[in-house]
Amino acid sequence: MIYNMEFETLPREALEAIQLRRLKNTVERVYATVPFYRKKFDEAGVKPSDIKSLDDLKRLPFTTKQDLRDNYPFGLFAVPMENVVRIHASSGTTGKPTVVGYTARDIDTWSELMARALAAAGATRGDIIHNAYGYGLFTGGLGVHYGAEKLGASVIPISGGNTKRQIMIMRDFGATILTCTPSYALYLAEVAQEMGVEPKTLKLKAGLFGAEPWSEKMRDEIEEALNLVALDIYGLSEIIGPGVSVECIEAKKGLHIFEDHFIPEIIDPDTGEPLPYGETGELVITTITKEAFPVIRYRTRDITSLNPEPCVCGRTHIRMNRVTGRSDDMLIIRGVNVFPSQIESVLMEIEEVEPHYQLIVEREGTLDTLTVLVEVGEQAFSDEVKKLQNLERKIEKNIKEYLGVSAKVKLVEPKTIARSEGKAKRVIDKRKL
Amino acid sequence: MRVEQISIFLENKAGRLAEVTKVLAEAGINIRALSLADTSDFGILRLIVNDTEKAKQALKENGFTVGKTTVVAVEVEDKPGGLNKILEILKKAGINVEYMYAFVQQSGNNAVLIFRFDNTDEAIKVLVENGVKVIEGKTLYSM
Ligand SMILES: [Zn+2]
């Protein structure tokens with residue numbers, strides 16, 4: 001089902017006309033209201049009036065996560081705080097989160113986009129949506145929630161955790177749509193089986209899974225385990241949250257980017273040069289309807305490609321392929337963004353520990369595990385087992401507090417972390433998606 | 001009456017203990033007492049040797065994390081109740097034992113126990129007052 005028949009099936013020409021008009025408005029507005037953009041545009045020698053065609057977009061400078069960090073917390077907001085009705089945040093690279101704001105109209109836009117996404121998965125007013133994305137600063141929970149209400153479906157705001165209870169509620173309430181991370185979907189299936197609840201007896205018919213990279217193989221596993229159609233949904237808080245793009249149930253092949261609100265580009269992550277359709281590179285997104293937090297050419301660091309071919313579902317919006325990796329060192333662990341530098345700053349704050357560390361990410365069964373190896377120098381060493389174990393617990397606690405992700409800390413001997421050309425290998429990702 | 005002990009951080013990997021003894025043997029160090037405390041992840045090797053400084057240096061040069069701590073060596077009669085008597089004395093004086101292990105002695109009828117206290121001086125005082133035989137470090141290194 002198509003939620004917004006008019007805008008999701010616009011002929012290319014009409015869609016591009018809308019995009020250009022909205023882009024011009026956004027560029028003019030950020031230039032006038034956000035000193036950061038004015039300065040960047042001036043430095044690049046480009047004025048809002050220079051944007052005469054969609055092709056001129058590439059003349060504008062990129063915006064990076066670092067820029068968001070430099071303007072923490074509200075420096076990039078384009079409206080006065082009295083117009084901001086919601087604030088969300090995602091983890092940043094130094095412990096400080098990346099902060100985004102929404103006006104009432106932004107919340108409306110986001111709700112519509114999530115309603116479109118749910119409809120693309122076949123959801124209607126009659127559906128019961130079990131929303132196991134986390135509620136809170138993270139955009140996942142509330143994003144799906146508002147979309148489900150907009151659609152008129154019944155939403156169960158179950159959030160994360162307490163898996164056994166989730167299964168009981170899913171069964172008793174007769175949930176038909178599941179929204180969560182793909183690894184949590186597999187975990188739900190596993191726990192259901194342990195509890196003697198045959199997942200196939202649940203009423204689930206489709207699921208929207210996102211917030212972490214997954215694969216066709218995982219899709220097969222989830223579909224098999226939960227007896228539903230598993231679809232990919234993409235988004236990031238810097239752009240709006242979930243609902244930037246979604247797979248349609250008809251094709252299940254690539255995610256339609258809601259192009260009446262976002263303009264996607266693919267660039268070479270090293271040179272910044274735009275790449276033609278079909279080529280793999282870094283996804284860059286410009287928002288063209290956001291009020292509180294518009295972003296110009298935001299570098300998502302996600303690696304993918306764009307597919308302009310028409311889709312069987314009737315939507316005219318371009319499709320992006322599955323995200324296959326990152327152009328930086330960010331890890332996504334159980335839906336939480338983790339940068340090695342964040343772990344480093346946690347270690348730096350513990351006096352006796354030197355920041356010689358390595359992250360090992362593995363997938364045990366269906367859940368990702370993070371092990372942090374920390375070298376023990378003389379400062380941290382003690383001849384008492386208890387003291388070293390307390391040190392491990394302390395690091396684990398700080399990582400959990402600062403990053404929101406559980407990690408197992410393992411002390412290792414000095415110089416055991418492999419160094420190549422003097423530079424330590426910080427991350428070993430053993431997950432096979 | 002304090003005894004110097006070196007401790008070494010070891011990952012639970014096969015062969016690590018042997019590497020420590022190899023380094024010490026090559027440096028001409030004699031091991032007087034040895035104890036390994038381990039968890040599922042790591043172990044702490046505690047040693048009393050004939051030349052603490054030299055041993056520490058040799059191990060550090062070979063990349064080990066080495067610490068030095070002070071312990072107390074106590075001689076007890078090698079018969080039932082010997083250890084218990086000492087533990088009772090310490091308990092009564094409110095002295096906390098962090099850990100302890102037995103000293104490997106080649107000859108003699110008495111056993112030597114190594115204690116690690118959080119307050120070494122206080123512990124020595126209490127032991128001596130109660131007539132327990134505390135062994136000098138010098139004596140122990142050359143035992
Ligand atoms: Zn489609």
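Straight-distance candidates among the lysines for linking to B:K13, with alpha-carbon spacing under 22 Å and chain neighbours fewer than 8 residues away dropped: A:K386, A:K387, A:K408, A:K410, A:K415, A:K425, A:K430, B:K22, B:K56, B:K60. Bridgeable aspartates and glutamates around A:K164 (alpha carbons under 18 Å apart, same-chain partners fewer than 8 residues away excluded): A:D172, A:E190, A:E194, A:E198. Summary of the geometry: the range B:32-54 and the range A:87-159, compared by the centres of their Cα atoms, lie 56 Å apart.
Can you give me the C-alpha center-to-center distance between the range B:70-98 and the range A:355-414, rounded to a whole angstrom? Comparing the Cα centres of the range B:70-98 and the range A:355-414, I get a distance of 36 Å.
Once the Cβ-Cβ distance between A:S215 and B:E98 is put in as r, and R0 is 41 Å, what FRET efficiency do you end up with, to the nearest 0.05? Kindly include the intermediate steps, with their values, before the conclusion.
Working: r = 51 Å, r/R0 = 1.23.
With R0 = 41 Å, the Cβ-Cβ based efficiency is 0.20.
Quick one: grab the alpha carbon gyration tensor of the range A:1-146, order the square roots of its eigenvalues as a ≥ b ≥ c, and give me rounded if a/c is under 1.5, else prolate or oblate depending on whether a/b is larger than b/c.
Numbers: a/c = 2.37, a/b = 1.24, b/c = 1.91.
Because a/c hits 1.5 or more and a/b fails to exceed b/c, the range A:1-146 counts as oblate.
Cβ-Cβ distance of A:K253 and A:R12, R₀ of 22 Å, FRET efficiency by 1/(1 + (r/R0)^6): the value works out to about 0.70. Just checking the listed ones, A:A175, A:A44, A:A104: in the Gaussian network model of chain A with Cα springs under 10 Å, the one fluctuating most is A:A44. For the peptide A:406-417, the mean number of other protein chain Cβ atoms found within 10 angstrom of a residue's Cβ is 3. Counts of other chain beta carbons within 10 angstrom of each beta carbon in peptide B:7-18 average 3.
Going by the alpha-carbon gyration tensor, a ≥ b ≥ c the square roots of its eigenvalues, is chain A rounded (a/c under 1.5) or, if a/c is not under 1.5, prolate (a/b greater than b/c) versus oblate? Kindly include the intermediate steps, with their values, before the conclusion.
Working: a/c = 1.85, a/b = 1.18, b/c = 1.56.
Judged from the Cα gyration tensor, chain A comes out oblate (a/c at least 1.5, b/c at or above a/b).
Loop-located trypsin sites (Lys or Arg not before Pro) in the range A:111-156 (DSSP state other than H, G, I, E, B) with a sparse environment of at most 11 neighbouring Cβ atoms within 10 Å: A:R125. Per-residue SASA remark: A:R105, around 130 Å² accessible (1.4 Å probe; ligands, DNA and RNA not included).
Computed from the alpha carbon atoms alone, the convex hull of the range A:333-429 holds 100 Å³ per residue.
For chymotrypsin sites (Phe, Trp or Tyr not before Pro), the sites in the range A:254-340 that DSSP calls loop and that have at most 11 other Cβ atoms within 10 Å are A:Y277.
Note on the protein assembly as shown: helix-only mean residue ellipticity at 222 nm, from DSSP H runs of 4+ residues weighted -39500 (n - 2.57) and normalised by residue number, equals -9500 deg cm²/dmol.
Can you give the average number of partner chain beta-carbon atoms within 10 Å of each beta-carbon in peptide A:372-383, as a whole number?
Details: counts 0, 2, 0, 2, 4, 2, 6, 1, 2, 8, 6, 16.
Partner Cβ neighbours, averaged per residue: 4.
Assuming R0 = 41 Å, what is the FRET efficiency of A:K415 and A:E190, from their Cβ-Cβ distance, to the nearest 0.05? After rounding to 0.05, the efficiency reads 0.55. For the residue pairs A:K65/A:K96; A:K58/A:K253; B:K54/B:K138; A:K150/A:K290, the C-alpha atoms sit more than 22 angstrom apart in A:K58/A:K253.
In what sequence, highest mean first, do A:31-38, B:43-50 appear when ranked by Cβ atoms within 10 angstrom? Please list the in-between numbers first.
Values: A:31-38: 16.6, B:43-50: 21.5.
Per-residue mean Cβ counts within 10 Å order the peptides as B:43-50, A:31-38.
Which of rounded, prolate or oblate describes the range B:3-69 when judged by the alpha-carbon gyration tensor and an a/c cut-off of 1.5? It is prolate, given that a/c is not under 1.5 and a/b is the larger ratio. Annotation note: trypsin sites (Lys or Arg not before Pro) in the range A:48-102 located in DSSP loop regions with a Cβ neighbour count of at most 13 within 10 Å are A:K52.
Extending 7 Å from the Cα toward the beta-carbon at both B:K138 and A:Y72 defines two label points whose distance is 6.0 nm.
The values are calculated or read from the model by the stated rules, or taken from the named source; none is laboratory data. Everything quoted here is computed from the prediction, not taken from an experiment. Using ideal geometry, Cβ is built from the backbone for each residue, glycine included, and neighbour counts are taken over all protein chains shown. Heavy atoms of the whole protein, side chains included, go into the accessibility calculation; ligands, DNA and RNA do not. Shrake-Rupley method; radii C 1.70, N 1.55, O 1.52, S 1.80 Å.
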